[in-house]
Amino acid sequence: MIHVDPSMTDEEFLRLFEKGIQAQWGTDQIDWGLTEGISEPKKLALGQLITPVYLGEQTAMLGVSAVLPMILTNGQAEPALYLASMGLDEARHFRNLNHLYRVLNVEPLPSRRLPEMWRYHARLLQKHDPVQWVFGILISDLFAKTFYGGFAERFPDTVVGRLSRRTLQDEARHQAFSDRYLNRMLPTMDPDAKNELLVLRDDLFRIMEKLGERLRGPMEVLDWSPEEFLKELWGDTERWVKRLGLVSLTEV
Ligand SMILES: [Fe+2]
Ligand SMILES: [Fe+2]
């Protein structure tokens with residue numbers, strides 16, 4: 001239930017909200033002209049590899065707008081406040097990638113070439129539960145982080161690297177949100193509901209394995225491989241799962 005005048009005492013979320021506001025930035029803070037040194041084949045490969053991230057930013061906007069009303073109507077005003085700032089971050093990431101395609105003068109993959117992204121999207125939409133959503137958003141943030149991290153490493157002094165590094169700062173805040181929210185909610189959940197989170201993780205990873213296979217060609221152009229990508233993402237996800245205390249459930 002929405003409260004007219006909530007007490008707003010949850011300092012952790014309020015601090016995160018303030019950070020979210022203060023860390024806003026716009027397209028004018030990126031030097032879009034820095035494309036020197038990115039060869040044509042690499043631009044084409046980037047066009048294909050950015051596609052899942054591009055769609056992922058839109059999925060993230062959708063995720064935030066799906067989960068915000070659930071959390072606000074649960075009477076959790078502070079995390080709902082933070083989510084509103086996160087929605088703006090995801091909108092900025094979406095807008096920036098839209099602009100980057102024009103700057104690089106390449107096309108994203110047509111959606112029929114990436115059916116896994118639609119499966120991923122559909123899997124996230126399956127549950128109408130805020131904790132499932134936030135956990136799905138966390139995995140999606142880690143997915144974006146692995147891509148942006150790889151781009152930043154491979155194109156450090158170009159528009160691609162600079163944009164990626166800046167975006168990663170926003171993504172780090174999103175992970176801090178998921179961490180706090182899941183830590184609050186997990187103790188209230190029964191073992192079956194917790195186990196469903198791991199089922200979601202496994203389903204999303206199965207989809208990502210197929211997606212990686214499809215992206216092998218452009219990844220090789222950038223000296224990258226689906227195995228390397230998935231190993232890093234899995235390692236990251238496992239660290240979170242352990243940190244949230246979910247892993248012991250798989251062992252019992
Ligand atoms: Fe994002
Ligand atoms: Fe995010």
Quick one: which of V103, V160 is surrounded by fewer than 21 Cβ atoms within 10 Å (Cβ to Cβ), away from ligand 1 (no atom under 13 Å from the Cβ) and modelled with pLDDT of 95 or more? V103
Complete set of residues in the stretch 85-94 that are within 23 Å of V4 (Cα to Cα) and without any contact (Cβ under 8 Å) to a residue 60 or more places away in the chain: G87
Just to check your reading of the model, which residue among A172, A176 is of a type in the set (A, V, I, L, M) and without any contact (Cβ under 8 Å) to a residue 40 or more places away in the chain? A172
Looking only at the stretch 169-192, count how many residues are more than 16 Å from ligand 1 (Cβ to nearest atom) and surrounded by 15 or more Cβ atoms within 10 Å (Cβ to Cβ). 8
Filter the stretch 129-181 for residues that are of a type in the set (G, A, S) and either outside any helix (DSSP H, G or I) or more than 16 Å from ligand 2 (Cβ to nearest atom) (or both); the one that is farthest from Q24 (Cα to Cα) is G150
For E78, indicate whether it is more than 16 Å from ligand 1 (Cβ to nearest atom) and either more than 30 Å from P6 (Cα to Cα) or assigned to a loop (DSSP other than H, G, I, E, B) (or both). no
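The values are calculated or read from the model by the stated rules, or taken from the named source; none is laboratory data. Keep in mind the model is a prediction, meaning the values are calculated, not measured. Neighbour counts run over all protein chains shown; Cβ positions are idealised from the backbone, glycine included.
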